[in-house]
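To keep things clear, I will list the structure first and then write my remarks on it.
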Amino acid sequence: MAETKRPDGGLSPEQLHQLQFSFVPAYVLTAGVQLGVYSHIAAGKTSVHEIAQAAETSPRGTRMLLDALVACQLLTQQNGLYGLTPLAAKYMVRSSPDYLGFMMEGRTHWEPWMNLVEVIRRGGPAYRVEEQQKAEDFFPLLVRSLHVMNREPAQRAAAVLGVGNPHRAMRVLDIACGSGVWSIAIAESDPQARLTAQDFPGMLSLTREYLQRHQVESQYDFLPGDLKEVDFGRDRYDLALVCNIVHSEGERSARDLFRRLFATLRAGGRIAIADMIPNESRTGPPFPVFFALEMLLHTEEGDTFSLSQYSEWLQQAGFSRVETAEIGSHSPLIIGCKP
């Protein structure tokens, strides 16, 4: 946020005022999900009275929320009637295949942030999500939203990685696969590819749901277990996908993972990493820097890491060349190549 100045050139507190209230749009967005506002409007309830009746809320509070959602450019208002913007219609209506509201339906995401000051003092998490039992409880909701968020970047990543070599069926290992969104893009681009989905056992049932939805399950094998412990084998794969997992693992686990993946890749194989990557001074972009605090709240060793850190770890693991590719996401795809 740019520094705000008064007309006479002096400093203004407006920047701080805006920062202090920057939480409000997030709460407004979430309240709309929890009260089903977007879905009620999609079902034809367009007046304050109709929406309040459907949501079982007060007309006064409903009107204020609806107006705030208009200010957030999620709703429209004309002659006292409310409608959905295209963005809300696509992503906020519960029946939409692109619905993103799963994590907003409860308080799981918000509550740890209420403990931020204490967590910073302690240097440890309020609620660890990397342990198997908690991961299997926490991640299914998150993964459903991430599948929609990452679908297009995953398709661009598949194109960048040159999927579809007619001379040999690619063997792909998808680490901590979640919904499988990153490897599904490869399976859809190359029907001859063979893919292995690795994750906690409780997560792989959700993976199967998405593989069936995309009609690619027959191309998959499954490797249940903790990525820190599971045996990947040697010289098995052409490509290892490590997407949105290093940040929760931390440096020590990531280094060990890269060494083990180097061993399981065939000569000429590649590792592809998608994650939140701050600049070298860790002053931006905002999302990767903020996300480091998310890892402080939820993990013992998680963090976000710069490109130079990834490059160093990959080279020490044996990867001879490290490249990046833009995939239309907040951070580039990092690609390490095995000699």
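The values are calculated or read from the model by the stated rules, or taken from the named source; none is laboratory data. Note that the structure is predicted; figures quoted are calculated from it, not measured. Glycine also receives a Cβ, built like all others from the backbone with ideal geometry; neighbour counts cover every protein chain displayed.
At a glance:
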read-out	value
Residue list for the range 169-211, restricted to those being basic (Lys, Arg) and either free of Cβ contacts under 8 Å to residues at least 24 places away in the same chain or not assigned by TED's automatic domain parsing to the domain that holds Leu239 (or both)	Arg208
Members of the range 207-231 found to be surrounded by 20 or more Cβ atoms within 10 Å (Cβ to Cβ) and either more than 16 Å from Ile184 (Cβ to Cβ) or of a type outside the set (Ser, Thr, Tyr) (or both), listed by number	Leu211, Val216, Gln219, Leu227
Qualifying residues in the range 11-50 (those that are over 25 Å from the mean Cα position of the chain (by Cα) and in a loop (DSSP other than H, G, I, E, B)) - the one surrounded by the fewest Cβ atoms within 10 Å (Cβ to Cβ)	Gly44
Checking Ser320 against (1) at negative phi; (2) exposed (fewer than 15 other Cβ atoms within 10 Å of the Cβ); (3) in contact (Cβ under 8 Å) with a residue 60 or more places away in the chain, the condition it does not meet	(3)
Failed item, numbered, when Ile271 is tested on (1) modelled with pLDDT of 95 or more; (2) under 18 Å from Ala158 (Cβ atoms); (3) under 17 Å from the mean Cα position of the chain (by Cα)	(3)
Residue check, Gly328 of a type outside the set (A, V, I, L, M, F, W, C), farther than 29 Å from Arg236 by Cβ and either outside any helix (DSSP H, G or I) or touching a Lys or Arg at 6+ places or on another chain (Cβ under 8 Å) (or both)	yes
Selected residue (only one of Tyr82, Tyr91 is aromatic (Phe, Trp, Tyr), modelled with pLDDT of 85 or more and either touching a strand residue (DSSP E or B) at 6+ places or on another chain (Cβ under 6 Å) or at positive phi (or both))	Tyr82
Check on Met114, within 30 Å of Met295 (Cβ to Cβ) and crowded, with 17+ Cβ neighbours inside 10 Å	no
Condition met for Arg63 (of a type in the set (Lys, Arg) and within 27 Å of His298 (Cβ to Cβ))	no
Residue within the range 301-310 that is touching a strand residue (DSSP E or B) at 6+ places or on another chain (Cβ under 9 Å) and farther than 30 Å from Leu19 by Cα present	yes
Test for Gly336: is it at pLDDT 95 or above, under 21 Å from Thr196 (Cβ atoms) and surrounded by fewer than 19 Cβ atoms within 10 Å (Cβ to Cβ)	no
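So that you can scan it fast, the table gives a plain yes or no per residue for (1) in contact (Cβ under 8 Å) with a residue 60 or more places away in the chain; (2) part of a loop (DSSP other than H, G, I, E, B):
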site: Asp235; (1), (2): no, yes
site: Leu257; (1), (2): yes, no
site: Ile271; (1), (2): yes, no
site: Asn279; (1), (2): no, yes
site: Phe291; (1), (2): no, no
site: Phe305; (1), (2): no, yes
site: Ser308; (1), (2): no, no
